[in-house]
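Okay, structure first, notes after.
The values are calculated or read from the model by the stated rules, or taken from the named source; none is laboratory data. These figures come from a predicted structure and were not determined experimentally. Here the Cβ is made from the backbone with ideal geometry for all residues, glycine too, and neighbour counts use every protein chain on show. These accessible areas exclude ligands, DNA and RNA; they are computed on the full protein's heavy atoms, side chains included. Shrake-Rupley method; radii C 1.70, N 1.55, O 1.52, S 1.80 Å.
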Amino acid sequence: MQNNTTILCIDDEEQICFALEALFRLQKWNVVTARSVEKGLIAFREFQPDIVLIDYHMPGINGVEGVKMLRQLSSTVPIIVFTIDESQAVADAFLEAGASDFSLKPIKAPDLVSRIKLHLRLLQQAQPKKPAPAPIPAKGISQSTMDLILQFLTDRQEYVTANDIAAGTGLAYQTVYRYLQYMTQEKITVMVNVYGKVGRPKQMYKNCRI
């Protein structure tokens, strides 16, 4: 499976592209790099990658617009965004555009490799399902990612924080927080505020179905 995996990296920094290429070849993955969104779109059409990594801050077309354009070519290929910005507003904009997850810069090789393996596994698990699940009526929400979070909550059977879920699933905190907001709104999960002796209350979540 891994020998046939192709990863497309879209980043305007040559050193980062070089480092990612070396890292992924150690995993025996095929690697294609592009230094702009325009070249990335051309490479996507030519090589049909299994997963895409894209930087947020790039000259010309930025990462948000790049994700939107990639989603016009594929609705299922996982897209992981590189960013130094931990803002939830930025994360929400990317998820609305169709991003799957985030990897914060500076890049940590073990975290990035495990994140890629996670999304490849989620993609593989989703493929055999027939018929396909009914579409979720919200942008930036993937059924397989939501199922992963729900499974974690089911296994724990107790209230946990978004940080707990991120650590336990391998998803980025921003991704988990976005999904929890949607799932709580749809009454799939329940959220409670836990007040400590000092500081802000801690938001904790549980699967409503257990």
(request) Within the stretch 137-171, track down each residue that is without any contact (Cβ under 8 Å) to a residue 24 or more places away in the chain, closer than 19 Å to residue 115 by Cα and not polar (S, T, N, Q). (result) 147, 152, 164, 166, 167, 168
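Take the residues in the stretch 76-97 that are in contact with a strand residue (DSSP E or B) (Cβ under 8 Å, 6 or more places away or on another chain) and closer than 22 Å to residue 6 by Cα; name whichever of them is modelled with the lowest pLDDT.
Kept after step one, since they are in contact with a strand residue (DSSP E or B) (Cβ under 8 Å, 6 or more places away or on another chain), are these residues of the stretch 76-97: 77-84, 86, 90-91, 94.
If we keep only those that are closer than 22 Å to residue 6 by Cα as well, we get 77-83.
On the way: 77: 94, 78: 95, 79: 96, 80: 96, 81: 95, 82: 92, 83: 88.
Result: 83.
Run down 100, 144 and say which single residue is modelled with pLDDT under 90, hydroxyl-bearing (Ser, Thr, Tyr) and under 23 Å from residue 207 (Cα atoms). Quick ask: steps written out before the conclusion?
Numbers: 100 fails: modelled with pLDDT under 90.
Just one listed residue meets the conditions, 144.
Filtering the stretch 74-91 down to residues that are among the polar types (S, T, N, Q) and closer than 21 Å to residue 107 by Cα, which residue is least open to solvent (accessible area, probe 1.4 Å)? Let's see the steps before the verdict.
Pass one, the stretch 74-91, residues among the polar types (S, T, N, Q): 74-76, 83, 87-88.
Right, trim to closer than 21 Å to residue 107 by Cα and you get 83, 87-88.
Numbers: 83: 3, 87: 43, 88: 40 Å².
It comes out as 83.
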(request) Specify which of the listed residues (174, 157, 127, 151) is at pLDDT 90 or above and open to solvent by 70 Å² or more (accessible area, probe 1.4 Å). (result) 151
